[in-house]
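Here is the structure we will look at, set down as structure tokens.
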Amino acid sequence: MRRIAVLNQKGGVGKTTTTVNLAAALAALGKRTLVLDLDPQAHATLHLGLLPGRSGPSLYEVLTQGMPIEQVRRQVAPNLFICGSHIDLAAAEVELIGTVGREVILRDLLDAALDAEAESFDYVLMDCPPSLSILTLNALCAAREVIIPLQAHFLALHGLSKLLETIQLVTKRVNRDLRVTGVVLCLFDAGTRLGGEVVEDLARYFDGKRNPAAPWAEARVFRTRIRRNIRLAECPSFGQSIFQYAPSSRGAEDYASLAAELEGRAPAAIWLGDEPAPVASEDASASRVA
Ligand code: ADP
Ligand code: MG
């Protein structure tokens, strides 16, 4: 079982689009997948066709009242489940002040849910808000992996240091198992010089910070680039994933490819021993940032 936080403190970089469509692609591969929408804006919830507040309890009840995840999650497609968000989640930060261990509430309830479920999940994907808040911290404590969506523009790397610093602090203090699996380039304009430059900058950036003990030691830039595709921008308003809305679009092609890449190449460092070791494909090293 893999638990992945989709994280970048910047807004508009493709976190929600990636969480939802990657989850849908994994579900289509037969993987039981759970999405946790930790953003009070509830975009992932809407994207998967639920109305925040009208579809029963949300992660707000989970975090502030300890409601079990099994009571909150809804099935939205074969193999695809979501714990929705609600605008009330924005208040959780304040409500949880004074709660001891407030950053591990989600981790504990997720552990309990995974024990209680008759069938476990293959993937848990967490859509984080665009901030380094208590909600994000809960995701980072419940996760084993981080995927960072990045938009390939000239300020793309700006803010990455801060993000990696935060992840490192989390690994030192509360979740030593956390690893950065990789960076996925979203809203990618194929064929532009800038796209290529950002990929090179990124490689150099990680190389300069390479350190076997760092949580990003195994990080790579995913070979799959998510190209800019209008269908991806349209499908949320229909409450559908790209595979329901436009299954033959480039967007669907890219997210299916990302899911296959993620499936095939988990970093060894997060191997939990409950599934067979990954078969590294021949070009695995080529796609590494190192
Ligand atoms: P975040 O969750 O990081 O704030 P979103 O996933 O909501 O980012 O994406 C920001 C906006 O860009 C949304 O309107 C979304 O529909 C759109 N978008 C995301 N990825 C793509 C893409 N590959 N092509 C076109 N539009 C995209
Ligand atoms: Mg979002």
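The values are calculated or read from the model by the stated rules, or taken from the named source; none is laboratory data. As the structure is a computational prediction, the values presented were derived from the model and not from experiment. Note: ideal-geometry Cβ built from the backbone for every residue, glycine included; neighbour counts use all protein chains shown.
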Conditions (1) of a type outside the set (Ser, Thr, Tyr); (2) within 15 Å of the chain's Cα centre (by Cα); (3) buried (at least 18 other Cβ atoms within 10 Å of the Cβ); (4) within 12 Å of ligand 1 (Cβ to nearest atom); number of the one not met by Gln41: (2)
Listed residues Ala152, Ala190; which is touching an Asp or Glu at 6+ places or on another chain (Cβ under 9 Å) and either surrounded by fewer than 15 Cβ atoms within 10 Å (Cβ to Cβ) or touching a residue at least 24 places away in the same chain (Cβ under 8 Å) (or both)? Ala152
Please pick out the residue among Leu38, Leu48, Leu7 that is away from ligand 2 (no atom under 12 Å from the Cβ), at pLDDT 95 or above and of a type outside the set (Gly, Ala, Ser). Leu48
Screening Arg54, Arg32 for residues that are charged (D, E, K, R) and either at pLDDT 95 or above or within 15 Å of the chain's Cα centre (by Cα) (or both) leaves only Arg32
Looking at Ser85, Ser55 in this structure, which one is of a type in the set (S, T, N, Q) and surrounded by fewer than 18 Cβ atoms within 10 Å (Cβ to Cβ)? Ser55
Taking Phe188 as the residue in question, decide whether it is more than 19 Å from the chain's Cα centre (by Cα) and of a type in the set (A, V, I, L, M, F, W, C). no
Residues of the range 84-122 that turn out to be of a type in the set (S, T, N, Q) and over 16 Å from Thr136 (Cβ atoms), as a count: 2
In contact with a Phe, Trp or Tyr (Cβ under 7 Å, 6 or more places away or on another chain), part of a helix (DSSP H, G or I) and of a type in the set (A, V, I, L, M, F, W, C): is that true of Leu194 in this structure? yes
Six or more apart or on different chains, Cβ atoms under 6 Å: show the pairs whose first residue is in the range 36-53 and under 24 Å from Leu114 (Cα atoms) and whose second is among the polar types (S, T, N, Q) and near ligand 2 (Cβ under 9 Å from one of its atoms). Ala44/Thr16; Ala44/Thr19
Reported set for the range 201-239 where residues are touching a helix residue (DSSP H, G or I) at 6+ places or on another chain (Cβ under 8 Å), more than 20 Å from Gln168 (Cβ to Cβ) and assigned to a loop (DSSP other than H, G, I, E, B) is Phe222, Arg223, Thr224, Arg225, Ile226, Asn229, Gly239
Only residues in the range 158-187 that are over 25 Å from Arg225 (Cα atoms) count as the first member; pair them with residues that are modelled with pLDDT of 95 or more and part of a loop (DSSP other than H, G, I, E, B), Cβ under 6 angstrom, at least 6 apart or cross-chain, and list the lot. Val170/Leu178; Thr171/Leu178; Asp177/Arg144
Assess whether Thr18 counts as being of a type in the set (Val, Ile, Thr), more than 16 Å from ligand 2 (Cβ to nearest atom) and within 13 Å of the chain's Cα centre (by Cα). no
Tally time: how many residues in the range 119-133 are crowded, with 20+ Cβ neighbours inside 10 Å, away from ligand 2 (no atom under 16 Å from the Cβ) and not in a strand (DSSP E or B)? 1
Can you list residue pairs whose Cβ atoms sit under 9 Å apart, with the first residue in the range 109-131 being at negative phi and the second being among the hydroxyl-bearing types (Ser, Thr, Tyr) and more than 16 Å from ligand 1 (Cβ to nearest atom)? Count only pairs 6 or more apart in sequence or on different chains. Leu114/Ser120; Phe121/Thr33; Asp122/Thr33; Tyr123/Thr33; Val124/Thr33; Leu125/Thr33
Just checking, which of Ala90, Ala24, Ala5 is within 16 Å of ligand 1 (Cβ to nearest atom), part of a helix (DSSP H, G or I) and crowded, with 23+ Cβ neighbours inside 10 Å? Ala24
Quickly run through the range 187-233 and pick out the residues that are hydroxyl-bearing (Ser, Thr, Tyr) and modelled with pLDDT under 85. Thr192, Tyr205
Can we say Gln244 is surrounded by fewer than 18 Cβ atoms within 10 Å (Cβ to Cβ) and at pLDDT 85 or above? yes
All but one of (1) of a type in the set (Gly, Ala, Ser); (2) farther than 20 Å from Ser237 by Cα; (3) within 16 Å of ligand 2 (Cβ to nearest atom) hold for Ala27, so report the exception by its number. (3)
